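Please treat every number below as a calculation from the coordinates, not as lab data. Only a predicted model underlies this, so the values are computations on that prediction, with no experimental measurement involved. Reconstructed Cβ throughout: ideal geometry from the backbone, glycine too, with neighbour counts over all protein chains shown.
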Ligand SMILES: Cc1ncc(COP(=O)(O)O)c(C=O)c1O
């Protein structure tokens, strides 16, 4: 006897590598197959309904099948999904985002976070005429060769904190790509500046995620960002933010929480309203590299589905309703969730902690919050316990991201958080005996 998911997976194994189209959804013995979603609930093909704290990897800000998005997209679909022409939807959406974020004079839409980061790095090179980029050790920025360097560094290859190694993710990554990426430790201003100083005159931009998930989901310190900003001013370089995930954390993105503004920002996820999306935005001076009316276009750039009216319509509807009041309510809900999880950790007396900001948080099976990628690193033993905890949550109606992270949607309230915390508490009791 096999269930429907198992049957689908067996079929998938014959036509998809490892049976999946993206490794993030893989789980043993087989992945879940979604049937439908409504608000913050998702139902799989077995008919099991769970509260969705994964939200397609943080990309759904209003949960599933949000009526305003369904209505707007349905109307647009009937008129056509893409054209070899511009549409009014992209102009209206560009206007909304530029009005919303002080550092955005201009915006260019693309189709994913990976593409947005890639365009941002290429725009930085085009503007500065330099090849190298600097990035934080362990930070995830999508799949561009340069952006993914050091993302999976481990104790056997990461080198010293004074000189972290440039580690490839994919076998066959060109050595030249590795040489052109300077890796700096997170929130460690002194070491970071010393490393950057060894590459003066060579760095096009410093790429930063202000709340990097794999680095532990801890915010970049204001001092760290100020120091990086100053370094870029002193060295004719750019400071660029990857807000693909963090754009949801405040009304104008996470950058709203800092003294200085970036030259460029990459976005994705929530700005698509549930459809594939990305965008690159920033000051006029730098965005000019994309401008086809300039005598010389420094970065010629196009994309077949860029700014397609389905994504633009969905994104506009999503972000209109993610106004200041919605942002505040969601972030307050996350503060409540973290406080309740901390209470559960104390009551169970387990070596765990919770980090995060805005509408996202991450549970670590560590006694104190990690401060950088090396401290956040999950070894085999911790990974096995996290899998056990996640399976317990799945079996009890909760779906998290596979790093034990949660992202909230506006469809949620305290009821869903209370259920999460109660199941989590039982899960802590379950794994506690196995923790050393
Ligand atoms: C910070 C960050 N940058 C870039 C990306 C890549 O985005 P996408 O998966 O849309 O290519 C992600 C995706 O998780 C991300 O979290």
Task: Chain lengthening between residue 78 and residue 391 when straightened (0.36 nm per residue, less Cα-Cα) - done: 108.6 nm
Open item on the list: Using a 7 Å offset from the Cα along the Cα-to-Cβ direction at both residue 65 and residue 45, what is the distance between the two label points in nm, to one decimal?
Closed with: 1.8
Task: Beta bridges by DSSP in segment 67-321, antiparallel share as percent, to the nearest 5 - done: 45
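Quote the FRET efficiency, to the nearest 0.05, computed for residue 190 versus residue 297 with a Förster distance R0 of 51 Å and r equal to the Cβ-Cβ distance.
E between residue 190 and residue 297, to the nearest 0.05, is 0.80.
Over the chain, calculate the relative contact order: mean separation of alpha carbon pairs under 8 Å at least 6 apart, over the residue count, as a percent.
21
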TODO: Provide the FRET efficiency to the nearest 0.05 for the residue 163-residue 131 pair, computing r from the beta carbons and using R0 = 22 Å.
DONE: 0.65
Task: Simple spin-label estimate for residue 7 and residue 419 in nanometres, 7 Å along Cα-Cβ - done: 2.7
Task: Three-way shape label, segment 299-436, alpha-carbon gyration tensor, a/c 1.5 - done: prolate
Task: Difference of contour (0.36 nm per residue) and Cα-Cα distance, residue 28 to residue 284 - done: 87.3 nm
TODO: Could you tell me which of rounded, prolate or oblate describes the chain, using a ≥ b ≥ c as the square roots of the eigenvalues of the alpha-carbon gyration tensor, with rounded for a/c under 1.5 and, failing that, prolate when a/b is larger than b/c and oblate otherwise?
DONE: oblate
Task: segment 67-321 - percent relative contact order, Cα under 8 Å, separation 6 or more - done: 29
Task: Label-to-label distance, nm, for residues given as residue 175 and residue 429 (7 Å Cα→Cβ offset) - done: 5.8
Open item on the list: When a/c reaches 1.5 or more, the comparison of a/b and b/c decides; with that in mind, is segment 67-321 rounded, prolate or oblate per its Cα gyration tensor?
Closed with: prolate
Open item on the list: Sort 281-294, 228-241 by packing, meaning the average of other beta carbons within 10 Å per residue, with the highest value first.
Closed with: 228-241, 281-294
